[in-house]
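> Submitted below is the structure of interest, expressed as structure tokens.
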Amino acid sequence: MRQADPRPSPRRGAGELEAAVLSVLWEAARALSPGEVQQALTGQAGAAELSYSTVVTILSRLHAKKALARRRDGRAFRYAPVADEAGLAARRLAAILDKEPDRQAVLSRFVADLPDSDEQLLRSLLGDGGPGAG
């Protein structure tokens, strides 16, 4: 008979759990139930088994943060990401910017603090070659 490992399994922080749940949903490319998310997370190498209620809590938090859409399916919900990884990062940045009273100052400081390569990329995306262009 196999003896249980006396060491506690390493716990993941809420941010890590949210990232793991989002990863499962992006890979699925369809809306999943909490049970399906739980099963996928449990199947990951080295992952500790999560309770159903923990998965529901993480899904609910992500829905409250507007990272997930949900639709009723019987007595439960099915969840799907509202955007891909880059889209969610952009939404987080926009939400932070929306909370600032001086939007222009924040954007100016952000651009000024960018490495040159990122500043050039941003200018290129905006159709502005930068100083001395055009």
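The values are calculated or read from the model by the stated rules, or taken from the named source; none is laboratory data. From a predicted model like this one, the values you see are computed outputs, not experimental measurements. Note that each Cβ is placed from the backbone with ideal geometry, even for glycine, and that neighbours are counted across all protein chains shown. Quick note on the areas: whole protein, heavy atoms, side chains included, nothing else; ligands and nucleic acids left out. Shrake-Rupley method; radii C 1.70, N 1.55, O 1.52, S 1.80 Å.
> Assess whether D128 counts as being at pLDDT 90 or above and either of a type outside the set (A, V, I, L, M, F, W, C) or open to solvent by 80 Å² or more (accessible area, probe 1.4 Å) (or both).
Numbers: at pLDDT 90 or above: no; either of a type outside the set (A, V, I, L, M, F, W, C) or open to solvent by 80 Å² or more (accessible area, probe 1.4 Å) (or both): yes.
In short, no.
> Scan the stretch 108-119 and tell me whether some residue there is surrounded by 12 or more Cβ atoms within 10 Å (Cβ to Cβ) and either of a type in the set (S, T, N, Q) or under 12 Å from the mean Cα position of the chain (by Cα) (or both).
No, every residue in the stretch 108-119 fails to be surrounded by 12 or more Cβ atoms within 10 Å (Cβ to Cβ) and either of a type in the set (S, T, N, Q) or under 12 Å from the mean Cα position of the chain (by Cα) (or both).
> Being in contact with a Lys or Arg (Cβ under 7 Å, 6 or more places away or on another chain) and within 15 Å of E36 (Cα to Cα) is the filter here; which residues of the stretch 46-70 pass it?
R70
> Right, next: Go through the stretch 36-72 residue by residue and tally those that are surrounded by 12 or more Cβ atoms within 10 Å (Cβ to Cβ), touching a residue at least 40 places away in the same chain (Cβ under 8 Å) and not in a helix (DSSP H, G or I).
Of the residues in that region, 2 qualify.
> Also, quick follow-up: Taking only pairs six or more apart or across chains, which ones have beta-carbon atoms under 6 Å, a first residue in the stretch 81-110 that is more than 30 Å from V37 (Cβ to Cβ), and a second residue that is exposed (fewer than 12 other Cβ atoms within 10 Å of the Cβ)?
Note: pairs meeting the criteria are V106/E100.
> Follow-up question, since we're still on this one. Are any residues in the stretch 87-105 open to solvent by less than 80 Å² (accessible area, probe 1.4 Å) and more than 20 Å from the chain's Cα centre (by Cα), and if so, which ones?
A105
> Sticking with this one: Would the stretch 1-11 turn up any residue that is at pLDDT 95 or above and open to solvent by 80 Å² or more (accessible area, probe 1.4 Å)?
no
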